[in-house]
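Student: Submitted below is the structure of interest, expressed as C-alpha coordinates.
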Amino acid sequence: MIRYVLRRLGQAAVVLWGAITLSFVIVQLTPGDPARLMVMGGEGGDAGAADDAQIAAIRAEMGLDQPVVLQYVSYLWRVLTLDWGTAYSQQRQEVSAVIGDNLGATVELGVTSLVIMTVLGIAFALGSVLLPTRWLRSAFQGISVIGIAVPSFVMAILLLQVFSFRLGWFPAFGAGDLRSVLLPAITIALLGAGTLSQVFARSIREVSTEGYVEVAHARGLGPAKVVLTHVLRNASLPVYTIVGMLVGGVVSGAAIIEIIFGRPGVGQLYVEAVGARDFPLIQALIVLTGGLYVLVTLIVDLTYPLIDPRVISPAASGRSAR
(Lines give C-alpha, C1' and ligand atoms only; values in the text may rest on other atoms or scores of the structure.)
Protein backbone atom coordinates (compact mmCIF):
# COMPACT_ATOMS: atom_id res chain seq x y z
CA MET A 1 0.00 0.00 0.00
CA ILE A 2 2.84 2.40 0.86
CA ARG A 3 4.53 1.75 -2.49
CA TYR A 4 1.21 2.30 -4.27
CA VAL A 5 0.63 5.64 -2.53
CA LEU A 6 4.21 6.82 -3.14
CA ARG A 7 3.99 5.85 -6.81
CA ARG A 8 0.75 7.77 -7.28
CA LEU A 9 2.13 10.80 -5.43
CA GLY A 10 5.21 10.73 -7.67
CA GLN A 11 3.08 10.54 -10.81
CA ALA A 12 0.93 13.44 -9.62
CA ALA A 13 4.03 15.52 -8.90
CA VAL A 14 5.40 14.86 -12.41
CA VAL A 15 2.10 15.87 -14.07
CA LEU A 16 1.88 19.03 -11.98
CA TRP A 17 5.50 19.88 -12.80
CA GLY A 18 4.62 19.41 -16.48
CA ALA A 19 1.74 21.89 -16.18
CA ILE A 20 4.00 24.42 -14.47
CA THR A 21 6.70 23.97 -17.11
CA LEU A 22 4.12 24.32 -19.91
CA SER A 23 2.93 27.63 -18.47
CA PHE A 24 6.53 28.85 -18.44
CA VAL A 25 7.27 27.67 -21.99
CA ILE A 26 4.19 29.47 -23.34
CA VAL A 27 5.73 32.81 -22.39
CA GLN A 28 9.13 31.85 -23.79
CA LEU A 29 7.67 30.80 -27.16
CA THR A 30 5.52 33.90 -27.55
CA PRO A 31 6.65 35.84 -30.65
CA GLY A 32 8.00 39.25 -29.71
CA ASP A 33 8.52 40.75 -26.27
CA PRO A 34 5.92 39.43 -23.76
CA ALA A 35 6.22 42.59 -21.65
CA ARG A 36 5.56 44.84 -24.65
CA LEU A 37 2.63 42.64 -25.73
CA MET A 38 1.14 42.93 -22.26
CA VAL A 39 1.36 46.72 -22.30
CA MET A 40 -0.12 46.87 -25.80
CA GLY A 41 -2.86 44.42 -24.81
CA GLY A 42 -3.71 46.49 -21.76
CA GLU A 43 -3.86 49.64 -23.88
CA GLY A 44 -6.11 48.15 -26.54
CA GLY A 45 -3.27 47.15 -28.86
CA ASP A 46 -1.89 50.66 -29.40
CA ALA A 47 1.84 50.23 -30.08
CA GLY A 48 2.48 53.92 -29.45
CA ALA A 49 1.15 53.59 -25.91
CA ALA A 50 3.88 51.10 -24.98
CA ASP A 51 5.97 53.07 -22.48
CA ASP A 52 9.61 51.87 -22.29
CA ALA A 53 9.80 52.39 -18.53
CA GLN A 54 6.62 50.42 -17.99
CA ILE A 55 7.88 47.63 -20.21
CA ALA A 56 11.17 47.51 -18.33
CA ALA A 57 9.30 47.31 -15.01
CA ILE A 58 7.20 44.39 -16.25
CA ARG A 59 10.27 42.59 -17.55
CA ALA A 60 11.98 42.99 -14.18
CA GLU A 61 8.89 41.84 -12.27
CA MET A 62 8.52 38.70 -14.40
CA GLY A 63 12.27 38.07 -14.50
CA LEU A 64 12.39 38.37 -18.29
CA ASP A 65 15.65 40.31 -18.07
CA GLN A 66 17.47 37.21 -16.75
CA PRO A 67 18.85 34.15 -18.59
CA VAL A 68 16.25 31.48 -19.37
CA VAL A 69 17.54 29.03 -16.75
CA LEU A 70 17.37 31.65 -14.00
CA GLN A 71 13.92 32.68 -15.25
CA TYR A 72 12.75 29.08 -14.90
CA VAL A 73 14.18 28.65 -11.40
CA SER A 74 12.70 31.99 -10.33
CA TYR A 75 9.33 31.04 -11.81
CA LEU A 76 9.31 27.69 -9.99
CA TRP A 77 10.00 29.51 -6.73
CA ARG A 78 7.20 32.00 -7.36
CA VAL A 79 4.80 29.12 -8.06
CA LEU A 80 5.81 27.31 -4.88
CA THR A 81 5.33 30.49 -2.85
CA LEU A 82 2.07 31.36 -4.68
CA ASP A 83 3.56 34.66 -5.83
CA TRP A 84 1.80 35.06 -9.18
CA GLY A 85 2.45 38.76 -9.63
CA THR A 86 0.07 41.33 -11.09
CA ALA A 87 -2.93 40.82 -13.37
CA TYR A 88 -2.43 43.77 -15.73
CA SER A 89 -5.76 43.24 -17.48
CA GLN A 90 -7.68 43.41 -14.18
CA GLN A 91 -6.85 46.93 -12.94
CA ARG A 92 -3.42 45.68 -11.84
CA GLN A 93 -4.77 43.62 -8.99
CA GLU A 94 -2.86 40.71 -7.52
CA VAL A 95 -3.37 37.56 -9.61
CA SER A 96 -4.24 35.51 -6.53
CA ALA A 97 -6.92 38.03 -5.53
CA VAL A 98 -8.45 38.08 -9.04
CA ILE A 99 -8.61 34.27 -9.19
CA GLY A 100 -10.01 34.12 -5.66
CA ASP A 101 -12.83 36.50 -6.60
CA ASN A 102 -13.83 34.31 -9.57
CA LEU A 103 -13.07 30.81 -8.30
CA GLY A 104 -16.20 30.43 -6.20
CA ALA A 105 -18.58 30.79 -9.15
CA THR A 106 -16.67 28.19 -11.17
CA VAL A 107 -16.53 25.75 -8.24
CA GLU A 108 -20.30 26.15 -7.80
CA LEU A 109 -20.87 25.47 -11.49
CA GLY A 110 -18.41 22.56 -11.57
CA VAL A 111 -19.73 20.77 -8.49
CA THR A 112 -23.34 21.18 -9.60
CA SER A 113 -22.58 19.87 -13.09
CA LEU A 114 -20.64 16.88 -11.68
CA VAL A 115 -23.55 15.92 -9.44
CA ILE A 116 -26.06 16.22 -12.30
CA MET A 117 -23.70 14.38 -14.66
CA THR A 118 -23.31 11.45 -12.25
CA VAL A 119 -27.04 11.17 -11.57
CA LEU A 120 -27.99 11.36 -15.25
CA GLY A 121 -25.20 8.99 -16.32
CA ILE A 122 -26.24 6.32 -13.82
CA ALA A 123 -29.94 6.77 -14.67
CA PHE A 124 -29.35 6.46 -18.43
CA ALA A 125 -27.15 3.39 -17.92
CA LEU A 126 -29.65 1.62 -15.68
CA GLY A 127 -32.48 2.52 -18.04
CA SER A 128 -30.64 1.11 -21.05
CA VAL A 129 -30.08 -2.17 -19.18
CA LEU A 130 -33.10 -2.72 -16.91
CA LEU A 131 -36.12 -1.31 -18.77
CA PRO A 132 -38.53 -4.09 -19.81
CA THR A 133 -38.91 -3.34 -23.51
CA ARG A 134 -36.24 -3.10 -26.17
CA TRP A 135 -37.45 0.23 -27.58
CA LEU A 136 -37.28 1.86 -24.16
CA ARG A 137 -33.73 0.59 -23.65
CA SER A 138 -32.80 1.89 -27.11
CA ALA A 139 -34.35 5.27 -26.29
CA PHE A 140 -32.16 5.65 -23.22
CA GLN A 141 -29.10 4.63 -25.25
CA GLY A 142 -30.04 7.19 -27.89
CA ILE A 143 -30.32 9.97 -25.31
CA SER A 144 -26.80 9.24 -24.07
CA VAL A 145 -25.45 9.26 -27.63
CA ILE A 146 -27.05 12.66 -28.26
CA GLY A 147 -25.31 13.96 -25.14
CA ILE A 148 -21.96 12.90 -26.57
CA ALA A 149 -22.56 14.03 -30.15
CA VAL A 150 -24.00 17.52 -29.64
CA PRO A 151 -21.35 20.22 -28.91
CA SER A 152 -21.75 22.03 -25.62
CA PHE A 153 -22.30 25.46 -27.22
CA VAL A 154 -25.10 24.06 -29.41
CA MET A 155 -26.68 22.40 -26.39
CA ALA A 156 -26.41 25.68 -24.47
CA ILE A 157 -28.22 27.61 -27.21
CA LEU A 158 -30.99 24.97 -27.42
CA LEU A 159 -31.52 24.92 -23.66
CA LEU A 160 -31.57 28.72 -23.53
CA GLN A 161 -34.10 28.90 -26.34
CA VAL A 162 -36.47 26.39 -24.74
CA PHE A 163 -36.15 26.83 -20.98
CA SER A 164 -35.23 30.51 -20.71
CA PHE A 165 -36.70 32.39 -23.68
CA ARG A 166 -39.83 30.30 -24.27
CA LEU A 167 -40.74 28.75 -20.91
CA GLY A 168 -39.01 31.27 -18.65
CA TRP A 169 -38.09 28.64 -16.09
CA PHE A 170 -34.47 29.74 -15.72
CA PRO A 171 -32.69 33.09 -16.07
CA ALA A 172 -30.77 33.36 -19.32
CA PHE A 173 -27.72 35.22 -18.06
CA GLY A 174 -25.83 36.10 -14.91
CA ALA A 175 -25.25 34.44 -11.56
CA GLY A 176 -27.23 34.51 -8.37
CA ASP A 177 -29.54 31.89 -6.91
CA LEU A 178 -29.66 28.16 -7.63
CA ARG A 179 -31.86 28.65 -10.71
CA SER A 180 -29.13 30.65 -12.41
CA VAL A 181 -26.60 27.82 -12.13
CA LEU A 182 -28.84 24.88 -13.06
CA LEU A 183 -29.12 25.50 -16.81
CA PRO A 184 -25.37 26.00 -17.46
CA ALA A 185 -24.63 23.05 -15.16
CA ILE A 186 -27.02 20.81 -17.10
CA THR A 187 -25.38 21.93 -20.35
CA ILE A 188 -21.95 20.82 -19.12
CA ALA A 189 -23.32 17.68 -17.47
CA LEU A 190 -25.06 16.28 -20.56
CA LEU A 191 -21.80 15.66 -22.43
CA GLY A 192 -20.21 13.86 -19.50
CA ALA A 193 -23.41 12.00 -18.68
CA GLY A 194 -23.47 10.47 -22.15
CA THR A 195 -19.92 9.17 -21.81
CA LEU A 196 -20.53 7.97 -18.26
CA SER A 197 -23.72 6.18 -19.28
CA GLN A 198 -22.02 4.33 -22.14
CA VAL A 199 -19.15 3.15 -19.93
CA PHE A 200 -21.43 2.16 -17.04
CA ALA A 201 -23.89 0.25 -19.23
CA ARG A 202 -21.06 -1.66 -20.92
CA SER A 203 -19.57 -2.49 -17.52
CA ILE A 204 -22.93 -3.76 -16.23
CA ARG A 205 -23.29 -6.07 -19.25
CA GLU A 206 -19.76 -7.43 -18.82
CA VAL A 207 -20.16 -8.08 -15.09
CA SER A 208 -23.56 -9.70 -15.73
CA THR A 209 -21.78 -12.58 -17.51
CA GLU A 210 -19.81 -13.55 -14.37
CA GLY A 211 -20.52 -16.88 -12.71
CA TYR A 212 -21.84 -15.50 -9.44
CA VAL A 213 -24.45 -13.50 -11.38
CA GLU A 214 -25.65 -16.64 -13.13
CA VAL A 215 -25.95 -18.31 -9.73
CA ALA A 216 -28.07 -15.40 -8.50
CA HIS A 217 -30.36 -15.80 -11.51
CA ALA A 218 -30.58 -19.54 -10.83
CA ARG A 219 -31.76 -18.79 -7.30
CA GLY A 220 -34.80 -17.09 -8.82
CA LEU A 221 -33.84 -13.44 -8.35
CA GLY A 222 -35.27 -11.01 -10.90
CA PRO A 223 -33.01 -9.10 -13.33
CA ALA A 224 -33.42 -5.75 -11.54
CA LYS A 225 -32.62 -7.21 -8.11
CA VAL A 226 -29.60 -9.07 -9.47
CA VAL A 227 -28.20 -5.91 -11.00
CA LEU A 228 -28.89 -3.72 -7.97
CA THR A 229 -27.65 -6.17 -5.33
CA HIS A 230 -24.91 -8.16 -7.09
CA VAL A 231 -23.69 -6.33 -10.19
CA LEU A 232 -23.59 -2.61 -9.39
CA ARG A 233 -20.63 -2.59 -7.01
CA ASN A 234 -18.21 -4.28 -9.40
CA ALA A 235 -19.69 -2.54 -12.44
CA SER A 236 -19.22 0.87 -10.81
CA LEU A 237 -15.41 0.64 -10.69
CA PRO A 238 -14.84 2.05 -14.23
CA VAL A 239 -17.45 4.72 -13.49
CA TYR A 240 -15.52 5.88 -10.43
CA THR A 241 -12.42 6.27 -12.55
CA ILE A 242 -14.06 8.05 -15.47
CA VAL A 243 -15.81 10.59 -13.22
CA GLY A 244 -12.35 11.74 -12.12
CA MET A 245 -11.21 11.97 -15.73
CA LEU A 246 -14.30 13.97 -16.71
CA VAL A 247 -13.33 16.72 -14.30
CA GLY A 248 -10.99 18.03 -17.00
CA GLY A 249 -13.93 18.25 -19.38
CA VAL A 250 -15.97 20.13 -16.79
CA VAL A 251 -13.19 22.69 -16.31
CA SER A 252 -12.65 23.21 -20.05
CA GLY A 253 -16.40 23.29 -20.73
CA ALA A 254 -16.87 25.96 -18.09
CA ALA A 255 -14.97 28.50 -20.20
CA ILE A 256 -17.44 28.29 -23.09
CA ILE A 257 -20.52 27.97 -20.91
CA GLU A 258 -19.62 30.93 -18.68
CA ILE A 259 -19.33 33.14 -21.76
CA ILE A 260 -22.61 31.98 -23.29
CA PHE A 261 -24.55 32.37 -20.04
CA GLY A 262 -22.74 35.57 -19.03
CA ARG A 263 -21.50 34.06 -15.76
CA PRO A 264 -18.42 35.19 -13.85
CA GLY A 265 -15.79 32.54 -13.23
CA VAL A 266 -12.36 31.19 -14.01
CA GLY A 267 -13.33 30.21 -17.57
CA GLN A 268 -14.51 33.72 -18.37
CA LEU A 269 -11.38 35.09 -16.71
CA TYR A 270 -9.14 32.86 -18.81
CA VAL A 271 -10.68 34.10 -22.06
CA GLU A 272 -10.22 37.71 -20.95
CA ALA A 273 -6.60 37.03 -19.97
CA VAL A 274 -5.81 35.49 -23.36
CA GLY A 275 -7.43 38.39 -25.18
CA ALA A 276 -5.43 40.91 -23.16
CA ARG A 277 -2.22 38.81 -23.33
CA ASP A 278 -2.00 38.94 -19.54
CA PHE A 279 0.72 36.30 -19.16
CA PRO A 280 0.94 36.17 -15.32
CA LEU A 281 -2.80 35.53 -15.14
CA ILE A 282 -2.66 32.98 -17.98
CA GLN A 283 0.19 31.12 -16.28
CA ALA A 284 -1.64 31.03 -12.95
CA LEU A 285 -4.84 29.72 -14.57
CA ILE A 286 -2.95 26.97 -16.43
CA VAL A 287 -1.31 25.80 -13.21
CA LEU A 288 -4.61 26.06 -11.33
CA THR A 289 -6.44 23.95 -13.93
CA GLY A 290 -3.65 21.39 -14.06
CA GLY A 291 -3.44 21.29 -10.27
CA LEU A 292 -7.18 20.73 -9.93
CA TYR A 293 -7.08 17.87 -12.43
CA VAL A 294 -4.07 16.32 -10.66
CA LEU A 295 -5.77 16.63 -7.26
CA VAL A 296 -9.00 14.96 -8.37
CA THR A 297 -7.13 12.18 -10.19
CA LEU A 298 -4.93 11.63 -7.14
CA ILE A 299 -7.96 11.36 -4.85
CA VAL A 300 -9.51 8.81 -7.22
CA ASP A 301 -6.28 6.79 -7.39
CA LEU A 302 -5.75 6.80 -3.61
CA THR A 303 -9.32 5.80 -2.78
CA TYR A 304 -9.65 3.20 -5.56
CA PRO A 305 -8.02 0.42 -3.45
CA LEU A 306 -10.76 0.91 -0.85
CA ILE A 307 -13.27 -0.15 -3.51
CA ASP A 308 -11.14 -2.75 -5.28
CA PRO A 309 -8.15 -4.00 -3.21
CA ARG A 310 -6.93 -6.00 -6.23
CA VAL A 311 -5.27 -2.88 -7.73
CA ILE A 312 -2.62 -3.07 -5.00
CA SER A 313 -1.94 -6.78 -5.28
CA PRO A 314 -2.95 -8.03 -8.74
CA ALA A 315 -0.85 -11.18 -8.29
CA ALA A 316 -2.83 -12.12 -5.21
CA SER A 317 -6.13 -11.53 -7.00
CA GLY A 318 -4.92 -13.71 -9.86
CA ARG A 319 -4.12 -16.55 -7.46
CA SER A 320 -7.49 -16.21 -5.75
CA ALA A 321 -9.24 -16.29 -9.15
CA ARG A 322 -7.45 -19.52 -10.03
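The values are calculated or read from the model by the stated rules, or taken from the named source; none is laboratory data. Note that the structure is a prediction, hence the values are computed from the model and not measured. All Cβ positions, even for glycine, are placed from backbone atoms using ideal geometry, and neighbour counts span all protein chains on display. Just so you know, the surface numbers come from the protein's heavy atoms only, side chains and all, with ligands and any DNA or RNA stripped out. Shrake-Rupley method; radii C 1.70, N 1.55, O 1.52, S 1.80 Å.
Student: Quick one: if the Förster radius is 41 Å, what FRET efficiency do Leu167 and Val274 give, using the C-beta to C-beta distance and rounding to 0.05?
Tutor: Efficiency at R0 = 41 Å is approximately 0.75.
Student: In nanometres, what is the gap between the two model label sites at Asp65 and Thr81, each 7 Å from Cα along Cα-to-Cβ?
Tutor: Taking the two extended label points, one gets 1.8 nm.
Student: Multiply the residue separation of Ile148 and Trp135 by 0.36 nm, subtract the distance between their alpha-carbon atoms, and state the gained length in nm to one decimal.
Tutor: Separation in residues times 0.36 nm, less the Cα-Cα distance, equals 2.7 nm.
Student: Express the accessible area of segment 1-131 per residue in Å², computed with a 1.4 Å probe while the remaining protein chains stay in the model.
Tutor: Computed with neighbouring chains in place, this is 54 Å² per residue.
Student: Starting from the Cα-Cα distance between Ile299 and Val14, subtract it from 0.36 nm times their residue separation and give me the gain in nm to one decimal.
Tutor: Stretched out fully, the Ile299 to Val14 stretch lengthens by 101.0 nm.
Student: Relative to the compact globular guide of 2.2 N^0.38 Å, what is the alpha carbon radius of gyration of segment 1-141, as a ratio?
Tutor: Taking the Cα Rg and dividing by 2.2 N^0.38 Å, one obtains 1.64.
Student: Sticking with this structure for a sec: Please work out the ratio of the alpha-carbon Rg of segment 151-218 to 2.2 N^0.38 Å and round it to two decimals.
Tutor: It is 1.73.
Student: Using alpha carbons only, how many angstrom separate the centre of segment 1-44 from the centre of segment 273-298?
Tutor: 8
Student: Cα-based Rg (one decimal) and Dmax (whole number) for segment 69-154, in Å?
Tutor: For segment 69-154, the Cα radius of gyration and maximum Cα-Cα distance read 22.4, 67 Å.
Student: Follow-up. Note the full-extension length gain between Leu29 and Arg205 as 0.36 nm times their separation in residues minus their Cα-Cα distance, in nm to one decimal.
Tutor: Answer, rounded to one decimal: 58.5 nm.
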